[in-house]
Every structure is written in structure tokens, then in C-alpha cells.
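The values are calculated or read from the model by the stated rules, or taken from the named source; none is laboratory data. On a predicted model such as this, the values are computed, not experimentally measured, just so you know. Here the Cβ positions follow ideal geometry from the backbone for every residue, glycine too, while neighbour counts run over all protein chains shown. Each accessible area value is taken on the protein alone, full model and side chains, heavy atoms only, with ligands, DNA and RNA left out. Shrake-Rupley method; radii C 1.70, N 1.55, O 1.52, S 1.80 Å.
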Amino acid sequence: MAFHKQPWIETPLLESSILSKIAGCRIFLKLENLQPSGSFKSRGIGNSMISSIREQDPSDTREVHFYTSSGGNAGLACVIAAVSLGFKASVVVPESTDEWTINKLRAAGANEVTVHGATWFHADSYLRETVIPAAEKHGERGIYIHPFDKPAVWEGASTMVDEIKTQMPHDERPDAIVCSVGGGGLFSGIMMGLDRAGWGDQVQVLPVETLGADSLAQSVEKGTLITLPGITSIATSLGAIQVAENAFKEAQRPTVTPVVLEDAEACSACWRFLDDERYLVEPACGVSVALAYDGRLKHCLKDFRPESKVVLIVCGGSKISLDLLNKYQSRFQQRSEELAAKYG
């Protein structure tokens, strides 16, 4: 089957004068928050959906129905991509998903949104073991879309590095790329893209997590792939209790330095980023943006210099509103100031 449009767009790469001044080096923003779904997930999920259709038996005439499990952003990307491509999509979300996100999935065109299980892992198991087999019995062609652990997802995410390579001024190479990590699809894609660009051993990568959703950092520290007992961070979009095995493998490279920050730091970056750049992002994205504030980059980046060129992946996310951001500020303002002081 030929597709005449892809369900993601090329996003701008902008050098931020204000964040560069604050961080003390050159900060570039890769604005994935401008994707159709509001997050980078449009790339990986969209590419996985197109790949899945192309791999199907053309003689199978059953109606296609995409299914994914998600705390919000991957599900939204799947639904929006499916609608743009002319297919159905349904999502299973964990019980921690707020009603606002569920309503947003429905408004985007989800055929069905099912709430099941304490974590994403439980929601995903229920989707694969119960929901899709039931759909198959009713004559549908149910196609499972993993939200992060699939090569087609990484390939989709890797396209942002292709764009960065052409968008950097004067054909310069970034010294570092900062990205948030949940299940590891974005991080895996960035590493894949860096290798394709010939930058695999030249660009530092800082995969960032929040404390309480730091399955990658803990795995790297312990030297084995670990499973968290649960997610205690408010950044539930990063709430994979175990990262993809490929992400753990990629994190062993000498160019990779995992970073873990508190929820207060992620939320503080959200309200400061809104003031500084006029973009509203959720804490799962804010935790990466936080490295530009309070001197954190100087502590995390090897060979930090004023001329260092650092790309922040502004991954976006739909699980935020002004009302929620104000609540975060009331809750975390004092703690964020305490943490900022230690970098001074």
C-alpha cells in the first residue's frame, strides 16, 4: 500500500538566545512539541504504523484497526496518525491516566479508550492478551503498535537527527544532544540517527529521567536491566518500569551519560520555559529543558565550554495545562529553589 503523506512533520531547530545566556553555552531547541500529536511520538508511532501496514498480507481484506497502550502521548500519536491515514485506532491506558488525557484521546478520534491496570506494563499486557484477540475474533485485522520497543519506532525517531544535521548552522556538528527517556524509543532513535549521520562516537548524549521513573539510570548503575517496583514520579509519560533492552545497550556507550533530576526540577523548567520561550510542555519534557537552567549543564556535560553546541529535544507532551502547571508551581516552588542553589 502506498502512502501519500507521512503522519509527522519536519520541525524547526532554533538557537535560543535566552537559554544560551542562561546555560552559558549555545542552546538549540528541536521543537518536537510542534508535531501533529504535540510530541515526538508522531515520528516513531507513525513510522511503525506505516511499516506495519506495508508488512501485512495484501490478500487480507479485513478492516485494519490499530491498537496501542499508552499513558497518553503514544496513544495520541497513534490516534492522530490513524485518522490522517484513514484507519481506526484504540488505546488502553493505565489507571494512573487522568480523565483530561482520556477525553483528549477520544476527542482526537480514538475508536475506544480502555482503562486497565496499575502501570503501563499491565495495560500493555491486557491489550495484547485480551483486547486484540477479541477484535480478531470479530473479524478485524488488529495491528499492535508498541509505544517504544520496536525498530520501526526508533527509525521514525531517528529522522529528527537527519533534520538536525541539515539544520545546524554552517554544517556544524552539535557537541551534545539532550533527550528525555521513558521506555527508550526516543533515545534509541537518536543513537540510530547519530550513527547514520557519522556522529555516533562524536556527540555526547544525555538521556534524562525523573527520580521515581529512572529505570535506565538505575539499570546502567547496576549493570543489568532492572524493573522498577512502580512509578513514583509525577512525570507519568516517563513511566516505563523497564526500558527497552536496546536503550540499555545503547546507554553503555562512552558518549552517553544518564542524568536523573527531581520532579521539582522538571516542573520548574516547565514554568520557566513557558516564560522564556512561550512553549507549554509537560514535566516529562521539562526534565530535559531543566539542564539549561541553574548551571546543570556544567555539571553534566563533559568538556563544557561557552562555545559548546547543545541540542535540547523539546519532546512536548499533552499531559499539561495552565491550571496543572500552577498547581505544580505551588507544590514545587520551594524545593526547586533549594535544588537550584546546589548548582550555583
Problem set entry | Residues being open to solvent by less than 10 Å² (accessible area, probe 1.4 Å) and closer than 26 Å to Leu225 by Cβ - total across region 154-179 | 9
Exercise. Does region 290-344 hold any residues that are on the phi > 0 side of the Ramachandran plot, open to solvent by less than 100 Å² (accessible area, probe 1.4 Å) and in a loop (DSSP other than H, G, I, E, B), and which are they?
Worked result: Asp294, Gly295, Gly317
Exercise. Which of the residues belonging to region 54-75 are open to solvent by 10 Å² or more (accessible area, probe 1.4 Å) and within 21 Å of the chain's Cα centre (by Cα)?
Worked result: Tyr67, Gly71, Asn73
Problem set entry | Residues of region 129-153 satisfying the condition of being of a type in the set (Phe, Trp, Tyr) and open to solvent by 30 Å² or more (accessible area, probe 1.4 Å) | Tyr144
Problem set entry | Members of region 99-114 found to be modelled with pLDDT under 95, out of contact with any strand residue (DSSP E or B) (no Cβ under 8 Å at 6 or more places or on another chain) and open to solvent by less than 60 Å² (accessible area, probe 1.4 Å), listed by number | none
Problem set entry | Within region 257-286, tally of residues that are over 19 Å from Leu19 (Cα atoms) and of a type in the set (Ser, Thr, Tyr) | 1
Exercise. In the set Gly117, Gly182, which member is part of a loop (DSSP other than H, G, I, E, B), surrounded by fewer than 20 Cβ atoms within 10 Å (Cβ to Cβ) and touching a helix residue (DSSP H, G or I) at 6+ places or on another chain (Cβ under 9 Å)?
Worked result: Gly117
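Condition check ((1) open to solvent by 10 Å² or more (accessible area, probe 1.4 Å); (2) in a strand (DSSP E or B); (3) assigned by the TED database to the domain that holds Leu312) across all residues:
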site	(1), (2), (3)
Asp201	yes, no, yes
Ala217	yes, no, yes
Ile226	yes, no, yes
Thr232	yes, no, yes
Gln242	yes, no, yes
Ala247	no, no, yes
Val260	yes, yes, yes
Cys270	no, no, yes
